[in-house]
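One structure below.
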């Protein structure tokens, strides 16, 4: 009895549609876990990198020096990326225009672009987690309903319906729901956790961008005063 | 620094995710067989035990065989050693035997000497004893001679007295004989008279008896003749009736067989109606159930006598039988058929039902 009701045996004996549903759910579960692991590594590293960059930035180092010592444009990430794009825009605009406002506008635009790229990078694939979390219970439910449908169809051929006739079919069908929940629950939990982390990081980037903007603004203000004097 | 942190690849996450799923799968698969023996221990102890026993037995047998082989080798070696030892022992034994023989010869000589001495001693003792015996014999002879003399004297006196007594006794005997003869003559005459009278009476009685017996025989013969005629008539009647009885019995048996077939079909149909064929059952599956019924049709016992190989299939058949019981049609069967259906087999096949 046990051998005939073990989970692998039930999966093997399920109908084709239910098996396909199960396969889909397993694939979704594996993919969501890949995303979970990858995102948590990415976010942890981004967090660490942000902390070290802020330490360096507020250590009183000259901004030109900081800009020069950081490597090529394509490799930078996070707050450093925002700093570099903002500072490069600042340096390019400074000789071309006398208007402080125009320079600050250009710097802000460049930093906003960099920030939105960072946002895209951090939130990458999190949507997939949300999709799995919300859809896999329904997919599992579909498999269950289909399996129960099949069981009742076959039941119509038997003369008398008892629990022992219906039970294997329903157990088989319910496995699909179980697998859907199995895929969905980690996806929900980690989607919330990872999106909170990335939002916090993006908020920190925004703060940094504002602070950097205020520093540049201060410098420009000093230059404008000197020119006026 | 920044270069190292730049990209997080997908290789490690994929490995981790797949490993996680495989681990969960293994846990779910491995936990089931582990929990199985606990659940089945109460139900199918014997079956599982048998299988494990045979499995372990094979291993044990292999081990035992190896052990036996080793033992046999050891025994062979031992045997060789023993042979060598035996050879040595034989050699030793021969030496010992030789020594023993010499010792025996010495002992023989000694014993011979001792025997000779003994014989001499015995001869001396025998001579002494013979002398003593001769002395005793002479004394005895003298004693016997005296006794003989005394006996002879006593004999003479006894003979004289006897002669006197015999003479007196002779006289008395003759007188008594004369008296006895006279008495015997009288008795003989009386007895003869009595005997003649008795013989006459016996003869008369025998004649009367013979006449009576002859009368009886005649009557008995007549009765026998009458009885024989009656018996012939009776046997003819019995033959006719027995033929009729057989015909009836054949008819009854036919009816019983029909009823039996009908009953079997009834039971089978009832069980099949109560039967839920498990989903995994194929048309090739066939289970034979042996049923034990009371005369009232109630189910005493139902067991699988020939399994289909699928436990759930067998169980579903048994459940169907239990659900279909009691079979009240049993009461309507003739008694002979009832006896036939106290215990019988039924075989089930999904093909019959579908």
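Take residue B:62 and decide whether it is exposed (fewer than 12 other Cβ atoms within 10 Å of the Cβ) and either modelled with pLDDT of 80 or more or away from chain A (no Cβ under 13 Å) (or both).
Details: exposed (fewer than 12 other Cβ atoms within 10 Å of the Cβ): yes; either modelled with pLDDT of 80 or more or away from chain A (no Cβ under 13 Å) (or both): yes.
Yes: the conditions hold for residue B:62.
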**OP:** Output the number of residues of region A:17-34 satisfying the condition of being farther than 13 Å from residue B:20 by Cα and within 9 Å of chain B (Cβ to nearest Cβ).
**Re:** 0
Original post:
Does residue B:269 satisfy the criteria of being more than 30 Å from residue B:335 (Cβ to Cβ) and not in a loop (DSSP other than H, G, I, E, B)?
Top reply: no
Original post:
Out of region A:35-66, which residues are part of a helix (DSSP H, G or I), more than 8 Å from chain B (Cβ to nearest Cβ) and out of contact with any helix residue (DSSP H, G or I) (no Cβ under 8 Å at 6 or more places or on another chain)?
Top reply: A:44, A:51, A:55, A:64, A:65
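Taking region B:286-308, which residues are part of a loop (DSSP other than H, G, I, E, B) and either in contact with a strand residue (DSSP E or B) (Cβ under 8 Å, 6 or more places away or on another chain) or at pLDDT 80 or above (or both)? Full working, then the answer.
Taking region B:286-308 as the starting set, the residues that turn out to be part of a loop (DSSP other than H, G, I, E, B) are B:286, B:294-298, B:307-308.
Hits for region B:286-308 are B:286, B:294, B:307, B:308.
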Subject >> Lone qualifier among A:184, A:130, A:114, A:173 - being surrounded by 14 or more Cβ atoms within 10 Å (Cβ to Cβ) and within 14 Å of chain B (Cβ to nearest Cβ) >> reply: A:173
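Can you go through B:69, B:55 and tell me which one is loosely packed, with under 11 Cβ neighbours inside 10 Å, closer than 30 Å to residue B:315 by Cα and modelled with pLDDT under 80? Before you say what the answer is, go through the steps one by one.
Working: B:69 fails: closer than 30 Å to residue B:315 by Cα.
Sole residue among the options that is loosely packed, with under 11 Cβ neighbours inside 10 Å, closer than 30 Å to residue B:315 by Cα and modelled with pLDDT under 80: B:55.
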**OP:** Out of A:122, A:141, A:104, report the one residue that is outside any loop (DSSP other than H, G, I, E, B) and either crowded, with 21+ Cβ neighbours inside 10 Å or within 22 Å of the chain's Cα centre (by Cα) (or both).
**Re:** A:122
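Going through B:248, B:273 one at a time, which residue ends up being over 30 Å from residue A:11 (Cβ atoms) and away from every other protein chain (no Cβ under 14 Å)? Full working, then the answer.
On the way: B:273 fails: away from every other protein chain (no Cβ under 14 Å).
After applying the criteria, what remains is B:248.
Looking at the structure I just gave you, is residue A:208 in a helix (DSSP H, G or I), more than 30 Å from residue A:104 (Cα to Cα), in contact with a helix residue (DSSP H, G or I) (Cβ under 7 Å, 6 or more places away or on another chain) and in contact (Cβ under 8 Å) with a residue 24 or more places away in the chain?
no
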Subject >> Close pairs (6 angstrom Cβ cut-off, 6 or more residues apart or separate chains): within 15 Å of residue A:16 (Cβ to Cβ) and within 11 Å of chain B (Cβ to nearest Cβ) in region A:140-167, at pLDDT below 80 and surrounded by 16 or more Cβ atoms within 10 Å (Cβ to Cβ) anywhere >> reply: A:151/A:169
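Within region B:309-353, which helices (runs of 4 or more DSSP H) (wholly inside it) include 2 or more residues that are within 14 Å of another protein chain (Cβ to nearest Cβ) and touching a strand residue (DSSP E or B) at 6+ places or on another chain (Cβ under 8 Å)? Explain how you work it out, then say what you get.
Details: elements: B:311-324, B:335-340, B:350-353.
Filter on region B:309-353 gives B:311-324.
The values are calculated or read from the model by the stated rules, or taken from the named source; none is laboratory data. Only a predicted model underlies this, so the values are computations on that prediction, with no experimental measurement involved. Using ideal geometry, Cβ is built from the backbone for each residue, glycine included, and neighbour counts are taken over all protein chains shown.
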